[in-house]
Amino acid sequence: MFLYIENNVLYLKGYWTVENFKDIKKQLTDLKNNSFDYVDASQLEKLDFYGGYLINQYLKDFDIKNIQDKNMEILRLSKDIPNLPPKKSNIFLELIEGFYQKLTDYVAFVSFTGEVLINSLRRVKDLEARNLFKELEETALKSLGIITVLSFLIGVVIAYQSSAMLATFGANIFIVDLVSISLARELSPLIVGIIVAGRSASSFTAEIGLMKVSEEIDFLKTLGISPYSTIVLPKLLTLIVWLPILITYSTILGILGAMIVSDITLGIPPNQFFQRLAETLSFDHYLAGVVKGPVFGIAIGLIGVYEGFKVQQKAESIGFSVTKSVVRGIFAIILIDAIFSVIYRWLDI
Amino acid sequence: MAGYIIQVKDLVSKYGQKVVHRGLNLGIKEGELYAIVGGSGAGKSTLLKTLLLLKKADGGKILFKGKDISNLSEKEIEDIKKRIGVMFQFSTMLSSLTVGQNIIYVIKKRYSIDYKTALDMAKLKLKLVGLSMDTFYMYPSELSGGMKKKAALAVAMSTDPDILFLDEPTSGLDPISAEEFDKLVRTLVDTTGTTIVQITHDLGSLMFVDTVAVISKGLVVYEGNPQDLTNVNDDWIQSLTNTTRFRRLLDGK
Ligand SMILES: Nc1ncnc2c1ncn2[C@@H]1O[C@H](COP(=O)(O)OP(=O)(O)OP(=O)(O)O)[C@@H](O)[C@H]1O
Ligand SMILES: [Mg+2]
């Protein structure tokens with residue numbers, strides 16, 4: 001019992017604290033039909049904010065007598081609950097604001113691109129071989145494994161899927177055309193682009209974001225070194241050079257996978273496969289795929305780096321920025337690929 | 001006079017072979033502001049972990065309100081843990097929630113309290129530590145250092161703990177904010193009756209506390225009021241009280 005009525009007086013007793021909140025509240029609610037003149041708190045042993053809150057809610061119209069000083073203080077502190085300021089929640093306004101922020105973000109990205117290009121070209125001498133090698137190892141070599149596996153598997157899957165259909169038309173040998181051209185022009189560049197966007201854009205953002213938070217970027221600037229040419233340029237150069245190589249590699253592996261499947265399911269021996277390959281896969285087709293490499297590379301690099309530089313002086317925002325750079329990187333790859341398709345169509349390549 | 005809320009008797013703590021405390025004694029009285037000081041590596045954080053029941057003692061006893069915690073059931077230990085609040089050095093809040101949501105989250109995780117009450121409590125606690133209601137909607141990352149500490153304090157106080165531990169609460173604050181925080185802690189002890197224990201490197205904070213315990217070489221070498229610290233015959237305390245910063249503080253008093 002935390003309260004009882006005697007001679008028209010409500011006596012509070014015991015521990016009016018958070019553990020007992022529910023019980024006390026129940027007893028106060030049950031009190032409704034009883035009447036009393038005032039409240040006596042002399043037997044109230046302990047009061048905390050939760051008990052004080054209940055007294056202020058349920059017994060505010062009554063005199064509280066004989067309350068100990070320390071309990072009185074809590075009662076005072078738990079009165080007068082402040083109001084929260086209204087939360088602006090105009091959906092229309094938020095939409096406009098969101099759109100505006102997106103727009104300024106794109107403008108900022110474009111101007112960032114210009115700044116990077118101008119700055120890093122002007123200060124090429126800051127470029128250090130050490131950084132280039134580091135990037136080569138981090139960005140290039142470490143993605144080889146997954147590209148190997150994925151490209152090979154994609155080659156196998158396409159060949160396998162289409163072999164049944166081609167066989168019904170007796171068009172077995174066209175498997176070579178189908179696989180090699182689609183891999184060289186479209187699939188390999190896309191696989192490579194998406195994987196590098198996932199791996200490198202995120203790691204660029206995390207690396208630069210961390211450097212910003214720990215004030216390394218500012219430190220470099222005080223040394224008169226442009227962070228663009230020391231940090232950004234090696235990344236961009238590596239991607240520009242390495243992506244075409246990766247695309248070539250991925251195409252070869254995909255074709256290899258298809259070759260093995262063709263031998264097994266369609267009975268096309270490797271030498272026949274190669275012969276056909278030499279006839280159909282022109283250098284133009286190969287080039288059409290491989291030129292996407294540098295463009296993808298620049299896009300991935302710039303997006304990753306841009307999100308990194310946008311990190312504010314708070315470590316918490318890095319995770320958020322990393323996610324954003326991956327999503328934007330992959331989106332950019334697919335968008336650019338679509339643009340290439342339109343251009344190729346137009347130029348009839 | 002109120003009794004002890006926590007007593008530590010002959011505490012021994014080890015990490016493997018390394019002995020951190022070798023028979024440490026101290027007593028924290030109910031409703032006081034208590035400070036633990038000591039050089040780097042003296043074992044303050046280890047003591048805190050032990051008092052928070054996160055690390056088991058390798059020897060000796062810990063009494064909570066006179067009861068030896070090693071004799072208590074798991075349920076009783078859980079109940080004690082609920083009565084302990086803590087603010088770690090880099091402030092104790094979830095970065096994915098706003099300050100207001102943080103307070104409500106802690107309340108609802110610990111006790112079955114209805115949302116309306118929890119919401120009202122969040123507002124009261126923000127008012128208590130002197131933060132404006134705008135901070136209710138703000139994320140920890142959007143707060144300045146001083147505001148973040150106050151917000152973390154509001155979170156730590158959200159369920160009215162019997163005892164509250166603060167690990168280096170004023171580190172990283174400018175002297176003005178640090179003193180403001182020290183005064184706030186003092187006021188909270190005086191008005192709410194909460195026992196507050198702070199681990200500190202900040203000599204300025206010592207002037208506001210009731211009791212200071214000095215840890216050195218695995219023992220408490222002094223436990224008493226901060227003013228008498230200068231008379232204590234111990235190497236580490238002598239070096240501490242001989243620092244210019246400490247002299248200035250005493251002269252300023
Ligand atoms: N997890 C651990 N494993 C092994 N040794 C540890 C561990 N944690 C702390 N120590 C050691 O225990 C001793 C006490 O460490 P503790 O962190 O408690 O010191 P402290 O007083 O908090 O120091 P500071 O003021 O620098 O924070 C130190 O010598 C430390 O190296
Ligand atoms: Mg420590």
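Answer with one residue from A:LEU178, A:VAL241, A:ILE5: the one whose Cα lies farthest towards the positive end of the charge dipole of chain A, charges on Cβ with Lys, Arg +1 and Asp, Glu -1.
Farthest along the dipole direction, towards plus: A:VAL241.
Once every DSSP H run of n ≥ 4 in the protein assembly as shown is given -39500 (n - 2.57) and the sum is divided by its residues, what mean residue ellipticity at 222 nm do you get, rounded to the nearest 500 deg cm²/dmol? Spell out each step's value before the answer.
On the way: 24 runs with 320 residues, N = 602.
Mean residue ellipticity, 222 nm, calculated: -17000 deg cm²/dmol.
Can you give the charge dipole size of chain A about its Cα centre, rounded to the nearest 20 debye, using +1 on the beta carbon of Lys and Arg and -1 on the beta carbon of Asp and Glu?
On the way: 32 positive and 35 negative charges, 75 e Å.
Roughly 360 debye for chain A.
Placing unit charges on C-beta atoms (Lys and Arg positive, Asp and Glu negative, everything else neutral), compute the dipole magnitude of chain B about its Cα centre in debye, rounded to 20. Intermediate results must be reported in sequence, preceding the final value.
Working: 33 positive and 29 negative charges, 118 e Å.
Here the size comes out at about 560 debye.
Leaving ligands, DNA and RNA out of it, report the carbon-plus-sulfur percent of the accessible area of the range A:3-58 at a 1.4 Å probe. Could you put the intermediate results ahead of the total?
Values: 1080 of 2680 Å².
Summing carbon and sulfur atoms, their accessible area is 40 percent of the total for the range A:3-58.
Once the Cα gyration tensor of the protein assembly as shown is diagonalised, what are the square roots of 5 times its eigenvalues, in whole Å and ordered largest first, as equivalent ellipsoid semi-axes? Let's see the in-between values first.
Numbers: eigenvalues 862, 198, 124 Å².
Taking √(5λ) for each Cα gyration eigenvalue gives 66, 31, 25 Å.
By how many degrees, between 0 and 90 and to the nearest 10, does the Cα long axis of helix A:233-261 differ from the longest principal axis of chain A?
Taking the Cα atoms of chain A, the angle to A:233-261 is about 70 degrees.
What's the buried accessible area, both sides, between B and A using a 1.4 Å probe, rounded to 100 Å²? Walk me through the numbers before you get to the answer.
Details: alone 12420 and 20080 Å², together 30030 Å².
Summing both chains' loss of accessible area gives about 2500 Å².
In whole Å, what is the distance between the alpha-carbon centres of the range A:25-100 and the range B:93-129?
15 Å
What relative contact order, as a whole-number percentage, does chain A give when Cα pairs under 8 Å and 6 or more residues apart are counted?
Working: 439 pairs, mean separation 66.4, N = 349.
Rounded, it is 19 percent for chain A.
Find the accessible area per residue for the range B:93-159; the probe is 1.4 Å, ligands and nucleic acids are left out, and the unit is Å².
Per residue, the range B:93-159 has 36 Å² of solvent-accessible surface.
Under the classification rounded if a/c is under 1.5, otherwise prolate if a/b is larger than b/c and oblate if not, where does the range B:36-181 fall, given a ≥ b ≥ c as square roots of the Cα gyration tensor eigenvalues? Intermediate results must be reported in sequence, preceding the final value.
Values: a/c = 2.50, a/b = 1.30, b/c = 1.93.
In terms of gyration-tensor shape, oblate.
Are there chymotrypsin sites (Phe, Trp or Tyr not before Pro) in the range A:110-173 that DSSP marks as loop and that have at most 16 other Cβ atoms within 10 Å, and which are they? Display every interim value, and only then the final one.
Details: sites: A:PHE112, A:PHE133, A:PHE152, A:TYR160, A:PHE169; in loops: A:PHE169.
Passing sites in the range A:110-173 are A:PHE169.
So which trypsin sites (Lys or Arg not before Pro) in the range A:237-329 end up in coil per DSSP with only 16 or fewer other C-beta atoms within 10 Å? It would help to have the intermediate numbers written out before the result.
On the way: sites: A:ARG276, A:LYS292, A:LYS310, A:LYS314, A:LYS324, A:ARG328; in loops: A:LYS314.
Within the range A:237-329, the qualifying trypsin sites (Lys or Arg not before Pro) (loop, at most 16 other Cβ atoms within 10 Å) are A:LYS314.
Just how large is the dipole of the range B:104-232 about the Cα centre, in debye to the nearest 20, putting +1 at every Lys and Arg Cβ and -1 at every Asp and Glu Cβ?
Values: 13 positive and 17 negative charges, 113 e Å.
That gives the range B:104-232 a dipole magnitude of about 540 debye.
How would you classify the range A:1-83 from its alpha-carbon gyration tensor, with a ≥ b ≥ c the square roots of the eigenvalues: rounded for a/c under 1.5, else prolate if a/b is greater than b/c, otherwise oblate? Spell out each step's value before the answer.
Numbers: a/c = 1.37, a/b = 1.29, b/c = 1.06.
Rounded shape, in that the Cα axes give a/c under 1.5.
Put +1 on the Cβ of each Lys and Arg and -1 on the Cβ of each Asp and Glu in the protein assembly as shown; which of B:LEU24, B:ILE113, A:ILE146 then has its Cα farthest toward the positive end of the dipole?
B:LEU24
Once both labels are modelled 7 Å past Cα along the beta-carbon direction, what's the A:LYS26-B:GLU223 spacing in nm?
Each label point is offset 7 Å from its Cα along the Cβ direction, giving 4.1 nm.
Note down the relative contact order for chain B as a percent, whole number, built from C-alpha pairs under 8 angstrom at least six residues apart. Walk me through the numbers on the way to the answer.
Working: 445 pairs, mean separation 62.2, N = 253.
25 percent.
Work from the charge dipole of the range B:1-146 (Cβ charges, +1 for Lys and Arg, -1 for Asp and Glu, about the Cα centre) and give the residue of B:SER96, B:LEU63, B:LEU126 farthest towards its positive end.
B:LEU63
Take peptide A:77-87, look around each residue's Cβ out to 10 angstrom, count Cβ atoms belonging to other protein chains, and average those counts. Display every interim value, and only then the final one.
Values: counts 7, 7, 1, 3, 7, 8, 2, 9, 5, 0, 2.
That works out to 5 on average.
Could you work out which residue, out of A:ILE67, A:ILE146, A:ILE91, moves most in a Gaussian network model of chain A, that is, has the largest mean-square fluctuation with Cα springs under 10 Å?
A:ILE67
Any idea how far the Cα center of the range B:151-203 sits from the one of the range A:222-266, in Å?
The two parts, judged by their Cα centres, are 55 Å apart.
Output the relative contact order of the range A:28-172, whole-number percent, from Cα pairs under 8 angstrom with separation of 6+ residues.
On the way: 48 pairs, mean separation 24.2, N = 145.
RCO, the range A:28-172: 17 percent.
Rounded, prolate or oblate: which one fits chain B, using the alpha carbon gyration tensor with axes a ≥ b ≥ c (rounded when a/c is under 1.5, else prolate when a/b beats b/c, else oblate)? Please list the in-between numbers first.
Numbers: a/c = 1.92, a/b = 1.26, b/c = 1.53.
Taking the square roots of the gyration eigenvalues as a ≥ b ≥ c, chain B is oblate.
With chain A treated as a Gaussian network of Cα nodes joined by springs under 10 Å, which of A:LEU44, A:LEU178, A:LEU335 yields the largest mean-square fluctuation?
A:LEU44
Have a look at A:LEU12, A:LEU136, A:LEU223 and tell me which one the Gaussian network model of chain A (Cα, springs below 10 Å) gives the largest fluctuation.
Of the options given, A:LEU12 has the highest mean-square fluctuation.
So if I take the centroid of the Cα atoms in the range B:1-80 and the same for the range A:301-346, what is the distance between those two points in Å?
Cα centroid to Cα centroid, the span is 52 Å.
So, in nm, how far is label A:TYR4 from label B:ARG248 when the simple model puts each one 7 Å beyond its Cα toward the Cβ?
A separation of 6.2 nm, rounded to one decimal place.
The values are calculated or read from the model by the stated rules, or taken from the named source; none is laboratory data. All values derive from a computational prediction rather than experimental measurement. Every residue, glycine among them, receives a Cβ derived from its backbone with ideal geometry; neighbour counts consider all protein chains shown. The area values use the complete protein model at the heavy-atom level, side chains included, leaving out ligands, DNA and RNA. Shrake-Rupley method; radii C 1.70, N 1.55, O 1.52, S 1.80 Å.
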